[in-house]
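Peer 1: So that we are looking at the same thing, I have put the structure below in structure tokens.
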Amino acid sequence: MGAVGVVVVVALGLVAWFTPLLSVRQTDVAGATSISEEQIRQALAVPQGQPLLRVDTEGAALRVAAIPKVASARVQRVYPSTIRVTVTERVPVVFVDSPGGTHLLDVEAVDYEIAPPPPGVPRLVTEKPGWGDPSTEAAIEVLESMPPQLRGQVGQVGAKSISDIAVTLLDGRVVVWGGTEKSERKAAVTLPLLTQPGQTYDVSSPDLPTVR
């Protein structure tokens, strides 16, 4: 009986590997909102009729993840005949003005698209904006530390260095932030401080904030 079982398993494996009984007949795409499903399917490059067991899901996921607007991708076999692609799109957190157009950067500081910035996305000003730049990463870290009621007021974040970050609000007022340390404390101090009249709010030392 044991030998028969082995034969059956081997036979089923051969059927799944070589025959169209368990082959790709459908491709499902999930998570895509601004990327067309057709673009994802083209990058996936899995032909209809290919046996599911012979689909290189890791390689297919890497091809989809190479699309600039895709942050990550997962490809799964769903028996009997479906390939499922789940993508996570990049979301802009800042934009950078350049002669070639407006560049959108995500939370990892990846410059992934030239397009008009969505409403509520602030301008980034650094010497060398982009992935791998410490000042860019520090500026984004400051934005990410802010509660929504403060972040929604930000029109621009500038970083001359990782310890010299300043935020310009939509109404023109400036918040001198300093470095990324104690950012949650700085955010908590900034909100009530903004109720006071002034133009520049310095929270670089959050226990001794100043207004002028």
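The values are calculated or read from the model by the stated rules, or taken from the named source; none is laboratory data. Everything numeric in this text was worked out from a predicted model, so none of it was measured. Cβ coordinates were reconstructed from backbone atoms using ideal geometry, including for glycine residues, and neighbour counts include every protein chain displayed. The area values use the complete protein model at the heavy-atom level, side chains included, leaving out ligands, DNA and RNA. Shrake-Rupley method; radii C 1.70, N 1.55, O 1.52, S 1.80 Å.
Peer 1: Does the range 168-185 hold any residues that are touching a residue at least 40 places away in the same chain (Cβ under 8 Å) and closer than 14 Å to residue 146 by Cβ, and which are they? Step through it out loud before you land on a result.
Peer 2: Going residue by residue through the range 168-185, those that are touching a residue at least 40 places away in the same chain (Cβ under 8 Å) are 179-180, 183.
If the condition is that a residue be touching a residue at least 40 places away in the same chain (Cβ under 8 Å) and closer than 14 Å to residue 146 by Cβ, then 180, 183 are the ones that fit.
Peer 1: Are any residues in the range 23-63 in a loop (DSSP other than H, G, I, E, B) and among the hydrophobic types (A, V, I, L, M, F, W, C), and if so, which ones? Full working, then the answer.
Peer 2: Applying the first criterion (in a loop (DSSP other than H, G, I, E, B)) to the range 23-63 yields 24-25, 31-36, 45-50, 55-56.
Scanning the range 23-63 gives 24, 32, 35, 45, 46, 55.
Peer 1: Sticking with this one: How many of the residues making up the range 136-176 are of a type outside the set (D, E, K, R) and part of a strand (DSSP E or B)? Give the steps one after another, and end with the answer.
Peer 2: Of all residues in the range 136-176, those of a type outside the set (D, E, K, R) come to 136, 138-140, 142-143, 145-150, 152-159, 161-163, 165-170, 172, 174-176.
Filter again for part of a strand (DSSP E or B), leaving 154-159, 161, 165-169, 174-176.
Of the residues in that region, 15 qualify.
Peer 1: Still on this structure: State all residues of the range 70-97 that are open to solvent by 50 Å² or more (accessible area, probe 1.4 Å), outside any strand (DSSP E or B) and touching a residue at least 40 places away in the same chain (Cβ under 8 Å); if no residue qualifies, say none.
Peer 2: Of everything in the range 70-97, those that are open to solvent by 50 Å² or more (accessible area, probe 1.4 Å), outside any strand (DSSP E or B) and touching a residue at least 40 places away in the same chain (Cβ under 8 Å) turn out to be 79, 80.
Peer 1: Output the residue which, of all residues in the range 147-166 that are over 15 Å from residue 134 (Cβ atoms), without any contact (Cβ under 8 Å) to a residue 40 or more places away in the chain and of a type outside the set (S, T, N, Q), is most open to solvent (accessible area, probe 1.4 Å).
Peer 2: Checked the range 147-166; the qualifying residue most open to solvent (accessible area, probe 1.4 Å) is 148.
Every residue, every condition in (1) of a type outside the set (Gly, Ala, Ser); (2) modelled with pLDDT of 95 or more, yes or no:
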residue: 66; (1), (2): no, yes
residue: 78; (1), (2): yes, yes
residue: 83; (1), (2): yes, yes
residue: 91; (1), (2): yes, yes
residue: 98; (1), (2): no, no
residue: 109; (1), (2): no, yes
residue: 115; (1), (2): no, yes
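Peer 1: Right, something else. Just checking, does the range 144-167 include any residue being over 13 Å from residue 94 (Cβ atoms) and within 17 Å of the chain's Cα centre (by Cα)?
Peer 2: Checked the range 144-167: at least one residue is over 13 Å from residue 94 (Cβ atoms) and within 17 Å of the chain's Cα centre (by Cα).
Peer 1: Quick one: what pairs do we get from the range 102-120, first residue over 10 Å from residue 131 (Cβ atoms), second among the charged types (D, E, K, R) and outside any loop (DSSP other than H, G, I, E, B), C-beta under 6 Å, 6+ apart or different chains?
Peer 2: Once the first residue is over 10 Å from residue 131 (Cβ atoms) and sits in the range 102-120, its partners that are among the charged types (D, E, K, R) and outside any loop (DSSP other than H, G, I, E, B) give 103/111; 104/113.
Peer 1: While we're on this one: Does residue 108 count as part of a loop (DSSP other than H, G, I, E, B) and among the charged types (D, E, K, R)? Before the answer, list the steps.
Peer 2: Values: part of a loop (DSSP other than H, G, I, E, B): yes; among the charged types (D, E, K, R): yes.
It is true that residue 108 is part of a loop (DSSP other than H, G, I, E, B) and among the charged types (D, E, K, R).
Peer 1: Exactly one of these conditions fails for residue 100: (1) crowded, with 20+ Cβ neighbours inside 10 Å; (2) more than 21 Å from residue 61 (Cα to Cα); (3) not aliphatic (A, V, I, L, M). Give me its number.
Peer 2: (1)
Peer 1: If you don't mind, there's one more thing I want to ask. Taking into account only those residues within the range 103-136 that are of a type in the set (A, V, I, L, M) and either surrounded by fewer than 16 Cβ atoms within 10 Å (Cβ to Cβ) or under 16 Å from the mean Cα position of the chain (by Cα) (or both), which is nearest to residue 58 (Cα to Cα)? I'd like the intermediate steps shown before the answer.
Peer 2: Filtering the range 103-136 down to residues of a type in the set (A, V, I, L, M) leaves 104-105, 107, 109-110, 114-115, 121, 124-125.
Now narrow it down to the ones that are either surrounded by fewer than 16 Cβ atoms within 10 Å (Cβ to Cβ) or under 16 Å from the mean Cα position of the chain (by Cα) (or both): 104-105, 107, 109-110, 114-115, 121.
Values: 104: 28, 105: 26, 107: 25, 109: 25, 110: 22, 114: 29, 115: 30, 121: 33 Å.
That would be 110.
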